[in-house]
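This report refers to the structure that appears directly beneath it.
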Amino acid sequence: MNMKKTLFSILSAGALIAFCFAGCKNTTTSEVVETAGECGKNAAYENIMTRTSVRSYTGRLVSSDTVEMLLRAGMAAPTARNSQPWHFVAITDRAKLDELAATNKHGRMLQEAPLAIAVCGNMDKALDGDGRDYWIQDCSAATENILLAVNALGLGAVWTGVHPIKERVEAVSKVLNLPETIVPLCVIVIGYPNESPQPKDKWKTENVSYNTFE
Ligand SMILES: Cc1cc2nc3c(=O)[nH]c(=O)nc-3n(C[C@H](O)[C@H](O)[C@H](O)COP(=O)(O)O)c2cc1C
């Protein structure tokens, strides 16, 4: 009986691993198991290297489950002293998206997007003293996590900047009814891609030094 159970568990685990990595490489089950770790790493790296700003979207709506996955990705980001000094506003209301488009002359893509996420700093949760402005880095890390999750899930997005441009902070705060303690860092415009821009090659050796500045 125990033998049967053990055999069943081994076969199920094998099938599950084979299923998980089937899309990664055409290999036999044993090869898949051997290369599973390597394949997982490549998938994450490829996702980073293929992310690029997408500014045109189809009319397809984004499900609430997918919105939550994106928000969870944002909240998985590192923050100074784990302070999590943020608040996310997910916007799907057509009228609000159009109002947001008017807050940024470089944000016209909001007019055709089905979703935007405003990533905001929560000043009640930001650190006191010299570390106060860490909220900007914390919220930037959350923003990049959302952009990467967007790419992994087959959506497209673009980061549109708000803070530190005072006029935009005021305009976005008004549209989203934000209290003074909630400061919008950016609005991520999201949808299913209606364009396939090539990721830019930004590798420049002049931007790198090893050990000391050269
Ligand atoms: C702080 C910040 C503000 C940005 N603001 C805008 C914006 O208002 N409108 C826009 O179309 N793109 C905006 N972008 C996107 C950049 O233009 C884009 O990331 C850059 O050109 C590099 O292209 P890539 O994202 O395809 O690698 C912003 C990006 C950052 C990081």
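The values are calculated or read from the model by the stated rules, or taken from the named source; none is laboratory data. Just so it is clear, the structure is predicted and the values come from calculations on it, not from any experiment. All Cβ positions, even for glycine, are placed from backbone atoms using ideal geometry, and neighbour counts span all protein chains on display.
Quick look at the values:
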quantity: Meets criteria (away from the ligand (no atom under 13 Å from the Cβ), farther than 23 Å from residue 61 by Cα and touching a strand residue (DSSP E or B) at 6+ places or on another chain (Cβ under 6 Å)) for residue 139; calculated: no
quantity: Residues within segment 74-97 that are within 17 Å of residue 185 (Cα to Cα), more than 16 Å from the ligand (Cβ to nearest atom) and in a loop (DSSP other than H, G, I, E, B), tallied; calculated: 5
quantity: Residue list for segment 47-73, filter: part of a helix (DSSP H, G or I) and small (Gly, Ala, Ser); calculated: 64, 73
quantity: Condition check for residue 158: part of a helix (DSSP H, G or I) and within 12 Å of residue 186 (Cα to Cα); calculated: no
quantity: Long-range neighbours under 9 Å by Cβ, at least six apart or interchain, first residue not assigned by TED's automatic domain parsing to the domain that holds residue 118 and charged (D, E, K, R) within segment 77-106, second within 16 Å of the ligand (Cβ to nearest atom) and in a helix (DSSP H, G or I); calculated: none
quantity: Residue that is nearest to the ligand (Cβ to nearest atom), among those in segment 98-108 that are surrounded by fewer than 22 Cβ atoms within 10 Å (Cβ to Cβ) and of a type in the set (A, V, I, L, M, F, W, C); calculated: 101
quantity: Total residues in segment 151-205, condition without any contact (Cβ under 8 Å) to a residue 60 or more places away in the chain, under 20 Å from the mean Cα position of the chain (by Cα), assigned by TED's automatic domain parsing to the domain that holds residue 87 and within 12 Å of the ligand (Cβ to nearest atom); calculated: 4
quantity: Conditions (1) under 22 Å from residue 176 (Cβ atoms); (2) within 16 Å of the ligand (Cβ to nearest atom): number failed by residue 51; calculated: (1)
quantity: Scan of segment 191-214 for residues that are surrounded by 10 or more Cβ atoms within 10 Å (Cβ to Cβ) and small (Gly, Ala, Ser), ordered by number; calculated: 191
quantity: Residues within segment 39-87 that are among the aliphatic types (A, V, I, L, M), exposed (fewer than 13 other Cβ atoms within 10 Å of the Cβ) and touching a helix residue (DSSP H, G or I) at 6+ places or on another chain (Cβ under 7 Å), tallied; calculated: 1
quantity: Pair list, Cβ < 6 Å and 6+ apart or interchain, from segment 120-147 residues that are assigned by TED's automatic domain parsing to the domain that holds residue 89 and over 20 Å from residue 69 (Cβ atoms) to residues that are of a type in the set (Ser, Thr, Tyr) and within 15 Å of the ligand (Cβ to nearest atom); calculated: none
